[in-house]
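Structure first, commentary second.
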Amino acid sequence: MSESEYEEATKVEIVTHFDSYATEYERALAKNLRVIPGGTDYYFWNRVSKLSECWGAGAEPETILDFGGGIGLAIPFLTSFFPQSEITITDESIQSLEVAASRHPFVKVLPPEKLPTASFDVAFVAGVLHHVAPPERVHVLRRLIRSVKPGGLIIFFELNPVNPVTRRLVRMCPFDDNAVLMKMRDVQDLCESEAEIVVERSEYMVFFPPIFKPLLRLERLLRRCPLGAQYFVSARRQIPRNE
C-alpha cells in the first residue's frame with residue numbers, strides 16, 4: 001500500500017471509530033480506569049512527567065505536537081510542565097479536535113494532512129500506535145519524522161501487553177476494541193527501521209497506583225522490569241551532517 005493509500009484507508013477507519021466516542025471519550029476512559037486510584041489525571045500526568053525527564057533541564061521546547069491527541073486530555077499537563085511552549089494538537093477524528101478546540105482555545109488545532117514539515121521540537125504520541133494496523137505503523141512514523149525538526153524528539157507511550165491488568169482494561173474498554181497491543185521491542189524495532197531517527201531511551205512505567213505513595217519511589221528502580229502497565233520509547237531525529 002502506498003503512503004497516500006494508507007492515509008486514506010487509515011483515516012476512514014480511525015475517524016469512524018473515534019468520532020463515535022468524541023463526546024463520551026473522557027467519561028468512558030474514567031469509567032475504565034476507575035480501578036486505578038487517581039484515574040485519568042494520573043494516567044496523563046505520568047506520561048507528561050516522563051516526557052519532561054526525557055527533554056531534560058534547560059530551555060523548554062518551543063513547539064510540541066500532541067499527535068493523535070483526541071479531545072486534548074493531555075493538554076493541561078503539557079501546559080503545566082511546559083508553560084512557554086507552543087502546543088499543536090492533531091487527530092484523524094475531526095469531532096475529537098472540535099472538542100479539544102472548545103476546551104483549549106489557546107492551542108493550535110490541525111488535521112494531520114496540514115501538519116507543517118520540520119516544525120516541532122517534540123512529538124508526543126500517547127496510546128496511538130495500538131490503534132493503527134501493524135502494516136501501516138511505519139507510515140505513521142514517517143509522518144512524525146517529517147513533522148519534527150532535525151534534532152527533535154519523538155516519544156511513544158504504549159500499553160504493555162505483558163501486564164495482566166493492562167490486558168484486562170483493554171478488553172473492558174469500548175474504544176480499544178480495535179487495539180493491537182505492541183511490546184516495547186515492537187516499538188523499538190519500528191523506530192530502528194527508519195535511519196533518520198535513533199532510539200535514545202526505553203523504560204517500563206506505572207507499576208503502582210498513586211495511592212501507594214511510598215512505593216512510587218521504586219518505579220525508577222523497576223524501569224527495566226517488563227511488568228509495568230505502560231512503557232515509553234523515545235527517539236530523536238538525526239541532524240544531517242551538513243547542518
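Would you mind ranking 205, 182 by Cβ crowding within 10 Å, fewest neighbours first?
Going from least to most buried by this count: 205, 182.
Could you list which residues have their amide H under 5 Å from that of residue 148, counting only those 5 or more apart in sequence or on another chain, with H placed in the peptide plane?
118, 119, 120
What full-extension length gain, to one decimal in nm, is calculated for residue 49 and residue 165 as 0.36 nm per residue of separation minus the Cα-Cα distance?
39.6 nm
Using θ = phi - 60° and the Karplus curve 6.51 cos²θ - 1.76 cosθ + 1.60, what whole-Hz ³J(HN,Hα) does each residue of region 156-164 get, with Gly and Pro shown as x?
9, 10, 9, 7, 8, x, 6, 7, x
Using θ = phi - 60° and the Karplus form 6.51 cos²θ - 1.76 cosθ + 1.60, what ³J(HN,Hα) does each residue of region 132-137 get, whole Hz, x for Gly and Pro?
With coefficients 6.51, -1.76 and 1.60, one gets 9, 4, x, x, 9, 5 Hz.
Skipping prolines and chain starts, which residues have an amide H placed within reach, meaning under 5 Å, of the one on residue 128, given they are 5 or more residues away or on another chain?
Amide H to amide H, under 5 Å and 5 or more residues apart or across chains, residue 128 pairs with 157.
May I ask you to order 151-164, 206-219 by the average number of other C-beta atoms within 10 Å around their residues, highest value first?
In decreasing order of mean packing, 151-164, 206-219 become 151-164, 206-219.
Apply the Karplus parameterisation 6.51 cos²θ - 1.76 cosθ + 1.60, with θ equal to phi minus 60°, to every residue of region 84-99 and state each ³J(HN,Hα) to the nearest whole Hz, in sequence, with x for glycine and proline.
Karplus-based 3J(HN,Hα) across region 84-99 equals 8, 7, 8, 10, 10, 10, 9, 6, 5, 7, 5, 4, 5, 5, 5, 5 Hz.
Over what distance in Å are the Cα centres of region 59-115 and region 130-144 separated?
The two parts, judged by their Cα centres, are 20 Å apart.
For the pair residue 238 and residue 108, what calculated FRET efficiency results from E = 1/(1 + (r/R0)^6), where r is the Cβ-Cβ distance and R0 = 22 Å, to the nearest 0.05?
Calculated transfer efficiency: 0.25.
Where a number appears in this text, it was derived from the coordinates with a stated rule and is not lab data. Predicted model only: the values in this text are computed from it and were never measured. Cβ atoms come from the backbone with ideal geometry, glycine included; neighbour counts cover every protein chain shown.
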